[in-house]
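The values are calculated or read from the model by the stated rules, or taken from the named source; none is laboratory data. Predicted model, so just to flag it, every value in this text is computed and none were measured. For neighbour counting, all protein chains shown are included, and Cβ atoms are generated from backbone atoms with ideal geometry for every residue, glycine included. Calculation scope for accessible area: heavy atoms of the full protein, side chains included, ligands and nucleic acids excluded. Shrake-Rupley method; radii C 1.70, N 1.55, O 1.52, S 1.80 Å.
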Amino acid sequence: MSPAPKDAQRTALITGAGSGIGAATAHRLAAEGYRVVLTGRRVGALEQVAKRITADGMTADVQPMDVTDPSAIATVVDGLVRCDVLVNNAGGAIGTEEVTDADPSDWRTMFETNVMGALSTTQALLPLLTESGDGTVILISSTAAFTVYEGGGGYSAAKHAEHALAGTLRMELCGQPVRVVEIAPGMVHTEEFSLNRYRGDTDRAAAVYAGVDRPLVAEDVADAVAWTVTRPSHVNVDFLVMRPRAQAAQHKVHRQG
Ligand code: 8X3
């Protein structure tokens, strides 16, 4: 592969960029001067995010891409001349059933998106990230990547796997010009995370955040992504855990009222 043209704009590709943390991260990295490539399954949602970025005077490319579809990933990657930052954000939780009752297909979906999706996207982009001379792979995991809780088995198992992927990759790339950063957020109030977990039950989804003084929002995580990416290139932030002040641990949440 020939080297990226020197004048090509620094490029960041974000998965799951149609909403929540992915959308906020795309917006923020655009503001940091990156050409952002918004990827996800829902073109309409990606276009809305791109429109907001454009309205703020920046540019964004929309590329439909399902992280569970290696050929879709290959098509997008083939169209890039440069990639400096990859944000593996696509994923999420489905269901709150205990292990005894869990539907294996939900577990499979969580593994496919959170783990295999990050693996496939990272594999496809590593040549360009390396070629950039200063690449960064970000994995948005979760505090569920290092702890477990009742009803969270499938999500936690997938996030533990993503944590293992991040750690292994960092070791294997040691000596290459590519950083591997894992950001593990706790409670983040986004429009879709809990709604997907509770299969569209808006009351149960809202109850997750009830009485919590300012859960994290997507922009807080985007801020952390931007901070890790903009450190001098010799600085690798390995693993960043972030939660709202009102959440000291997974089960230790202060609720008012
Ligand atoms: C989200 C954090 O507590 O729902 O990744 O597992 S939690």
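Taken as a whole, the condition of being under 30 Å from Asp101 (Cα atoms) and out of contact with any helix residue (DSSP H, G or I) (no Cβ under 6 Å at 6 or more places or on another chain) applies to Met116. Gln256 versus (1) in contact with a strand residue (DSSP E or B) (Cβ under 9 Å, 6 or more places away or on another chain); (2) within 16 Å of Ile138 (Cβ to Cβ): which is the lone unmet condition? For Gln256, the failing item is (2).
Would you say Glu112 is crowded, with 20+ Cβ neighbours inside 10 Å, on the phi < 0 side of the Ramachandran plot and under 17 Å from the mean Cα position of the chain (by Cα)? Criteria not met by Glu112. Could you tell me whether the stretch 39-61 includes any residue that is in contact (Cβ under 8 Å) with a residue 12 or more places away in the chain and touching a Pro at 6+ places or on another chain (Cβ under 6 Å)? Yes, the stretch 39-61 contains at least one residue that is in contact (Cβ under 8 Å) with a residue 12 or more places away in the chain and touching a Pro at 6+ places or on another chain (Cβ under 6 Å). For beta carbons closer than 6 Å, sequence separation of 6+ or different chains, a first residue in the stretch 185-197 that is within 7 Å of the ligand (Cβ to nearest atom) and of a type outside the set (S, T, N, Q) and a second that is open to solvent by 60 Å² or more (accessible area, probe 1.4 Å) and part of a loop (DSSP other than H, G, I, E, B), the qualifying pairs are Gly186/Arg243. Listed by position, the helices (runs of 4 or more DSSP H) enclosed by the stretch 16-130 that each have at least 3 residues that are farther than 21 Å from Leu165 by Cα are 20-31, 43-55, 70-78. Checking each residue in the stretch 131-152 for being among the hydroxyl-bearing types (Ser, Thr, Tyr) and in a helix (DSSP H, G or I) picks out only Thr143. Identification of strands (runs of 3 or more DSSP E) wholly contained in the stretch 153-257 with 1 or more residues that are open to solvent by less than 50 Å² (accessible area, probe 1.4 Å) and within 27 Å of Ser120 (Cβ to Cβ) yields 178-185, 239-242.
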